[in-house]
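Working notes, beginning with the structure itself.
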Amino acid sequence: MEANVQYNDFKGTAAADISDSLSVNFSGDSLESFADFFKLDKNRFKIIGISFYGGKSPSISLLCVDLEESTTEKEYIVSMRIDWPYEEHPIDALFKRFEVVLHEKFDEKYLHLDYDNEVRYEDFHELEENKSNKD
């Protein structure tokens, strides 16, 4: 499965570390912790992923195999949308670290390369706040 939005102006990858509270209080560093946190009916559904869509208030979906609808020929996969009733943003609550890397949608050159050095923007650009302090 890949992430898709209306126009897919950019494509990329994501990586995350589960929050310590989920890891410790549920099923460790696995998708099972999300299944337990959201009280997924594990007799019927097997969690195979999690999806976030949107911005400030993203929708959350558990990607699951529906064991009742699946056959020996084909697993029946559902995207199960879940309401988020908490004030804390779900990314902050569910993950300790979360990174999304985006590239031009047709990029093949830089998609598989890594950067050589990490630098700070302000080391190469004058920020507005610094300009006003100089005046």
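List of remarks:
- Pairs with Cβ under 8 Å, 6+ apart, first in the stretch 84-108 and farther than 17 Å from residue 60 by Cα, second among the aliphatic types (A, V, I, L, M) and in a loop (DSSP other than H, G, I, E, B): 103/111
- The condition (being over 12 Å from the mean Cα position of the chain (by Cα), of a type in the set (Ser, Thr, Tyr) and farther than 26 Å from residue 9 by Cβ) is satisfied by just one residue among 70, 79, 57: 70.
Yes or no, residue by residue, for (1) open to solvent by 60 Å² or more (accessible area, probe 1.4 Å); (2) in contact with a strand residue (DSSP E or B) (Cβ under 7 Å, 6 or more places away or on another chain); (3) at pLDDT below 90:
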| position | (1), (2), (3) |
| --- | --- |
| 3 | yes, no, yes |
| 38 | no, yes, no |
| 45 | no, yes, no |
| 50 | no, yes, no |
| 69 | yes, no, no |
| 73 | yes, no, no |
| 78 | no, yes, no |
| 86 | yes, no, yes |
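- Some residue of the stretch 115-127 being loosely packed, with under 15 Cβ neighbours inside 10 Å, under 25 Å from residue 8 (Cα atoms) and touching a residue at least 40 places away in the same chain (Cβ under 8 Å): no
- Among all positions in the stretch 55-65, there is at least one residue which is more than 19 Å from residue 1 (Cα to Cα) and not polar (S, T, N, Q).
The values are calculated or read from the model by the stated rules, or taken from the named source; none is laboratory data. Owing to the predicted nature of the structure, the values given are computational and were not obtained by experimental measurement. Note: ideal-geometry Cβ built from the backbone for every residue, glycine included; neighbour counts use all protein chains shown. Only protein heavy atoms, including side chains, enter the accessible area calculation; ligands, DNA and RNA are left aside. Shrake-Rupley method; radii C 1.70, N 1.55, O 1.52, S 1.80 Å.
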